[in-house]
Amino acid sequence: MTFHRNQIKSLLLVSAYVLAFFLAAGASEEVESCGHSKLRQVLVLGAANGWTDWPTIESLTKNDVSIKHVDLVGFGETMREYNFQAALDQFEERLDRVVTMLQPSLVVVTSKGLNILTHLAIRNIWTGPSVLLSPIPNGCNHIAEGSWEEAWTDSMNVLVSNNVGPIVTG
């Protein structure tokens with residue numbers, strides 16, 4: 001069987017979800033006494049990322065996961081024209097509303113979404129189980145500008161000090 005690049009990416013994502021759900025189920029009481037998990041709501045925050053086939057990924061989860069993909073249209077443009085903090089400021093209200101309204105079991109971010117997650121964490125909007133796929137740190141008000149290593153360390157420190165977790169990185 002030959003896999004297309006997006007199918008391989010999807011399979012890797014499902015693997016990350018399974019691990020995150022396992023960790024989340026052990027940390028919270030999301031598993032019913034009969035051994036079946038409750039329907040879990042996964043919030044995927046997309047900010048200037050390429051297309052991913054979320055319906056296919058959801059179909060591979062045996063109906064115990066509902067994936068809600070929120071594409072922050074315009075985030076990338078604002079980030080490129082101004083800076084990352086300007087994009088966070090522009091989308092802050094929408095991010096807060098989406099997380100509060102959906103009350104997900106898990107938040108997934110990719111690439112530059114790492115510091116969307118830290119932004120949510122420092123304001124105590126989200127501190128639950130999280131999947132970071134190909135995370136790329138960005139300088140903003142709460143993450144120092146500097147080398148990639150410094151920004152990565154600052155980002156991880158923000159997540160840990162705000163008790164975000166469990167965290168799976170892939």
Filtered residue count, the stretch 128-170, keeping only those that are touching a residue at least 12 places away in the same chain (Cβ under 8 Å) and touching a helix residue (DSSP H, G or I) at 6+ places or on another chain (Cβ under 7 Å): 24
Given (1) open to solvent by 30 Å² or more (accessible area, probe 1.4 Å); (2) assigned to a helix (DSSP H, G or I); (3) without any contact (Cβ under 8 Å) to a residue 60 or more places away in the chain; (4) not hydrophobic (A, V, I, L, M, F, W, C), number of the condition LYS112 does not satisfy: (3)
Some residue of the stretch 14-24 being modelled with pLDDT of 65 or more, open to solvent by less than 20 Å² (accessible area, probe 1.4 Å) and small (Gly, Ala, Ser): no
Tally, over the stretch 111-142, of residues that are more than 19 Å from THR78 (Cα to Cα) and aliphatic (A, V, I, L, M): 6
Subset of the stretch 128-170 (residues that are among the hydrophobic types (A, V, I, L, M, F, W, C), surrounded by fewer than 15 Cβ atoms within 10 Å (Cβ to Cβ) and farther than 20 Å from LEU88 by Cα): VAL160
Residue list for the stretch 115-127, restricted to those being open to solvent by 30 Å² or more (accessible area, probe 1.4 Å) and either on the phi < 0 side of the Ramachandran plot or assigned to a strand (DSSP E or B) (or both): ILE122, ARG123, ILE125, THR127
Unique match (being in a helix (DSSP H, G or I), surrounded by 15 or more Cβ atoms within 10 Å (Cβ to Cβ), over 15 Å from the mean Cα position of the chain (by Cα) and hydrophobic (A, V, I, L, M, F, W, C)) among MET79, MET101: MET79
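The values are calculated or read from the model by the stated rules, or taken from the named source; none is laboratory data. All values derive from a computational prediction rather than experimental measurement. Neighbour counts are summed over all protein chains in view; Cβ atoms, including those assigned to glycine, are modelled from backbone coordinates with ideal geometry. Heavy atoms of the whole protein, side chains included, go into the accessibility calculation; ligands, DNA and RNA do not. Shrake-Rupley method; radii C 1.70, N 1.55, O 1.52, S 1.80 Å.
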